[in-house]
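Comments concern the structure below.
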Amino acid sequence: DGATGATGSDGADGSDGATGATGSAGADGSDGADGADGATGATGATGSDGADGADGATGATGSDGADGADGATGATGSDGADGADGATGATGSAGTDGADGSNGQGFFDWFTNEIGDFDGNGSINPADVQAWLKGDTGATGASGATGATGASGASGATGATGATGATGATGATGATGSGGMPVMIGVGMHGGSNGSKFSWGGGDTATLWARGLGDVLLTGVSKLDDGTLVATGGNGLSDNDGDGYVFKIGTQNGNGNFSFEADLPWDDVTGELYG
């Protein structure tokens with residue numbers, strides 16, 4: 001074979017070929033690497049408060065706790081002030097009437113047996129009791145001297161009547177009759193000083209009321225020879241002077257009253273009973 005001829009010059013560029021049909025989509029490429037973090041954004045404005053939430057449901061009641069230990073006893077409080085006096089109670093109803101007192105028959109029986117017909121008129125009656133209590137009447141005082149006779153008138157005309165002589169002085173009071181007794185207190189009810197009262201029916205008991213004593217039932221009541229009325233016993237009384245008596249009433253004083261004395265263990269109660 002002959003030698004290879006020289007390379008011919010390039011031919012002119014051919015005209016562009018028609019655009020080929022679009023090829024099918026290529027497969028997805030692999031993910032690119034993460035980009036660097038962006039700069040921190042500016043702080044957003046503070047949000048407004050949210051609305052209040054609705055109330056939660058009430059929880060179930062818890063079980064009772066265990067009883068606590070007893071506390072120590074407190075100190076005793078001081079006494080309270082005294083209460084004011086209560087109002088005065090209503091007046092009680094009137095008490096029933098007391099039993100009728102003795103008619104003194106026991107005393108009169110004693111007088112009849114022991115004294116008898118004191119005034120000697122043949123009978124024994126209250127006049128004998130009064131005469132015995134009062135004693136005999138004293139002797140009548142002597143008559144006063146007769147006044148001097150007036151002088152006779154001159155002869156001739158009838159003389160003037162002489163002046164009446166002065167009245168003679170009153171005679172001295174006669175001495176107390178012999179055998180008489182001072183007046184002693186009689187039977188019955190007797191009032192006295194400071195509201196005191198004494199009741200005696202002539203027997204061996206009597207009743208005394210005196211301030212500070214109340215009602216006292218006297219026992220062993222009797223009359224002494226000098227007219228003093230005495231008692232040997234009495235509730236609340238005590239013979240504090242050793243004379244054997246707890247109560248005494250003397251004979252009548254010059255003022256017509258009768259002094260009494262009741263012995264207490266620590267003192268005496270005295271007063272007067274009216275005649």
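Each value in this text was obtained by applying a stated rule to the coordinates, not by laboratory testing. Predicted model, so just to flag it, every value in this text is computed and none were measured.
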Length gained if T61 through N240 is fully extended, taking 0.36 nm per residue and subtracting the Cα-Cα distance, is 55.9 nm
Per the C-alpha gyration tensor (a ≥ b ≥ c, the square roots of its eigenvalues), the stretch 195-263 is rounded if a/c is under 1.5, else prolate if a/b beats b/c, else oblate; here it's rounded
